[in-house]
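Following: one structure in structure tokens, then a few remarks.
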Amino acid sequence: RKEVEQDPGPFNVPEGATVAFNCTYSNSASQSFFWYRQDCRKEPKLLMSVYSSGNEDGRFTAQLNRASQYISLLIRDSKLSDSATYLCVVNALPDSSYKLIFGSGTRLLVRP
Amino acid sequence: GAGVSQSPSNKVTEKGKDVELRCDPISGHTALYWYRQSLGQGLEFLIYFQGNSAPDKSGLPSDRFSAERTGGSVSTLTIQRTQQEDSAVYLCASSLGPPSGGQETQYFGPGTRLLVL
């Protein structure tokens, strides 16, 4: 079983749609959770950290369910510029807090 | 300010040759990471440097891979006797410090695309 699993997609949605991505992780000791965004042939960039209580940043909402070892990302009012691959990332505790485990990513295509 | 830079941006080499990949982290960042990303895959952790501490080399796939970080700044990843399966994008990232109090955000360089023929 992969340490971080994501649906590869692609999710093909119209502009303005709401779309949600899910991610499961296997290491129950993980303490830090993130969503990164990666554009085609570009480096990953931090989109947002995920906090236990859930957090929102504009059109983006992240949720964490520790009991189910599940992370989600909700994007409201999708824009064409949201088209990218979204990487779910967790840290590798208890081995090391700095070692990040990346999922393979979920690809989002927003069409006009 | 300047972000993480990597060179070369692309490298084509023949099987069996050695290659060196360079990373210049953001000035003042004490932590430096190397990852590789194969086509359509997630990032695979290779090695982590933090200040003057011994690096965590646990992600290096074989003894053909090595890395060093001189003066706590620039890092070089060396792959000896390259194999076709080494073809990937090699990404470097740096962070202000080790994970604590919000210093853990990793900023990535543009990567080096390595193709071994």
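What follows draws every value from the coordinates through simple rules; no lab data is involved. Predicted model only: the values in this text are computed from it and were never measured. Because the Cβ atoms are built from the backbone with ideal geometry, glycine has one as well, and the counts that use them run over all protein chains shown.
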Suppose we keep only residues that are of a type in the set (A, V, I, L, M, F, W, C) and away from every other protein chain (no Cβ under 11 Å) within the range B:47-61. Which one would you say is nearest to the chain's Cα centre (by Cα)? B:Leu60
Can you tell me which residue is nearest to the other protein chains (Cβ to nearest Cβ) among those in the range A:26-44 that are closer than 16 Å to B:Cys92 by Cβ and surrounded by 15 or more Cβ atoms within 10 Å (Cβ to Cβ)? A:Glu43
If I filter the range B:63-73 for residues that are aromatic (Phe, Trp, Tyr), crowded, with 16+ Cβ neighbours inside 10 Å and closer than 17 Å to A:Ile101 by Cα, do I get at least one hit? no
Among strands (runs of 3 or more DSSP E) entirely inside the range B:1-96, those with 3 or more residues being touching a residue at least 24 places away in the same chain (Cβ under 8 Å) and not hydroxyl-bearing (Ser, Thr, Tyr) are B:10-13, B:19-24, B:31-37, B:43-50, B:88-95
Of all residues in the range A:84-112 being within 16 Å of B:Gly40 (Cα to Cα) and part of a loop (DSSP other than H, G, I, E, B), which is farthest from the chain's Cα centre (by Cα)? A:Ser104
